[in-house]
Amino acid sequence: MGLRIALLFLTVIAPIAPALADDAPDGRAELDKGRQAYAQQQYADALTRFDAAEKDARTEGDAAVLLECLRLRAAVQRDSGDAAHAESSLAAAAEEAAKSYGESSPELAAVLEEIAAGDRAQGRAAPALAAIEKAIKIRDAQTGAARAGLARDLTLAAVLHQQAEQVGPAMELLKRAIREWSMAEPGDPQCLPAIEALAGIYRDRSQYADAEPLLQRAIRMREAADGLETAELIPSVDSLAYVEFGLQKYPEAEALYKRLLNLWEKNAGDGHPMVALTLDKMAEFYAAQQRYAEAETVATAALEIRTKTYIASLNQTGRVLLMEAKMEDAEDLYHRTAQIGELAKAPDDAMDSPLRIYARILREMRRDDEAAAVEKRVKDALLRKADREGRRPAPGATPPQ
């Protein structure tokens, strides 16, 4: 009887035991769930998952899961604006990496890289440089995949030196970074920050012959990675146009300036302030070659963009003054707007709205003669538009309103 009861007990309990084990917290599973929550920007849930995974990892002595938990938790804290706790989590990760993997381990180097990036983001250049130099020392002794990490660290160290106006050390570090990228990951777009930074230093030091091949390489890589019309090309195309100008390679420079103009127009719109700035650069380029007619054309186009922007800003300010019932202030502003538009030869479409508003203000102030003169400017502009579009009314017809 007793044996039968014992067998019955095992039959009932045995299927339950594995289920209880399955319900127990699992560090790797919690880690994966936390990672998914992080990807969906569910930061509170992600932190809860990482805390559970960390607790289980410490219980099981799983150094890999524990280290990953600490680093991911720091990432969540950083992205949610909690820089202080992110710093603490990375400090704990560095301690754990050193204890579990050693002071010369790639695991510690990876954490030091993140610490350096965090310090740099907080404007703490000295500790950032100290951390990244430790990472460089560790990775310098590694081979294979670790070389890509070394290239990243060298680039960050160069940027920190450059920010401290230590150009010489920055240049040497960038050269090393480019060499490491070329050996570890040939053609990888991750090397672009190093290439473009070194090219920028050469450009600013008027070492155009050194900057030219780097910028050409950067453009080819950007094109391969992002296409021929991406905004990511703009800085390198701009720099290479300047470099070719400096080398007096005028046909190459002109083609690049035209491409730069096209890139800005396509990515930002043809009325963007950077389009005007590009036109200014082209005006200087043409004037340097005594191609004054072309310089005047692009300079005038730049002025038109800036005039339209300024007129639009004045018009917006005037509308606010009217909302505040500041009639006299609004009249003064629109009077000046009309004068500026006339002096700058602003396009008719830019002046249409402010002139109409100005005319209404003058009518309300019983200054009918002045209002009529402004209204005539509006009608004349509409007639010019009709002429351009082949829609000018027949003689004696009422002008368009």
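The values are calculated or read from the model by the stated rules, or taken from the named source; none is laboratory data. It should be emphasised that the depicted structure is a prediction, and the values quoted were computed from it without experimental measurement. We place every Cβ from the backbone using ideal geometry, glycine too, and count neighbours over all the protein chains shown. Side chains included, ligands, DNA and RNA excluded: accessible areas come from the protein's heavy atoms. Shrake-Rupley method; radii C 1.70, N 1.55, O 1.52, S 1.80 Å.
Please list, in order along the range 49-66, the HN-Hα scalar couplings obtained from phi with the Karplus expression 6.51 cos²θ - 1.76 cosθ + 1.60 (θ = phi - 60°), rounded to whole Hz, x for Gly and Pro.
5, 5, 5, 5, 5, 5, 4, 5, 5, 5, 5, 7, x, 8, 5, 5, 5, 4
Determine the gain in length on full extension of the stretch Asp352-Ala224; use 0.36 nm per residue of separation and subtract their C-alpha separation, reporting nm with one decimal.
So the chain would gain 41.6 nm between Asp352 and Ala224.
Compute the relative contact order of the chain as a whole-number percentage, counting only Cα pairs closer than 8 Å that sit 6 or more residues apart in sequence.
5
Give me the angle, in degrees from 0 to 90, between the Cα long axis of helix 2-13 and the longest principal axis of the Cα atoms of the chain, rounded to the nearest 10.
20
For a quick protection proxy, order the peptides 310-316, 254-260, 107-113 by their average other-Cβ count within 10 Å, most packed first.
Ranked by mean Cβ neighbours within 10 Å, highest first: 107-113, 254-260, 310-316.
Give the dimensionless ratio obtained when the Cα radius of gyration of the range 252-401 is divided by 2.2 N^0.38 Å.
Compactness ratio reported: 1.28.
Within the accessible area of the range 296-384, what % is carbon and sulfur when the probe is 1.4 Å and the other protein chains stay in place?
That fraction is 52 percent.
Just one of (i) 38; (ii) 52; (iii) 65 is percent of Cα pairs over 30 Å apart as worked out from the coordinates here. Which one is it?
(iii)
Run the numbers on the range 34-149 and let me know its relative contact order in percent, using alpha-carbon pairs under 8 Å that are six or more apart.
In percent, rounded to a whole number, it is 15.
Provide the per-residue ³J(HN,Hα) series for the range 158-171, in order, calculated from phi with Karplus coefficients 6.51, -1.76, 1.60 and θ = phi - 60°, each as a whole number of Hz, with x at glycine and proline positions.
Whole-Hz 3J(HN,Hα) from phi for the range 158-171: 4, 4, 5, 5, 5, 5, 8, 6, 9, 5, x, x, 4, 4.
Have a look at Val243, Pro354, Ala157 and report the one farthest towards the positive end of the charge dipole of the chain, computed about the Cα centre with Cβ charges (Lys/Arg +1, Asp/Glu -1).
Pro354
Residues of the chain: accessible area per residue at 1.4 Å, in Å²?
Here the per-residue accessible area is 56 Å².
Positive end of the dipole of the chain, charges at C-beta (+1 Lys, Arg; -1 Asp, Glu), about the Cα centre: which of Ser105, Val298, Leu192 has its Cα farthest in that direction?
Of Ser105, Val298, Leu192, it is Val298.
Hey, any idea what Rg/Rh is for the range 128-186, computing Rh the Kirkwood way over Cα pairs?
Across the range 128-186, the Cα-based Rg/Rh ratio is 0.97.
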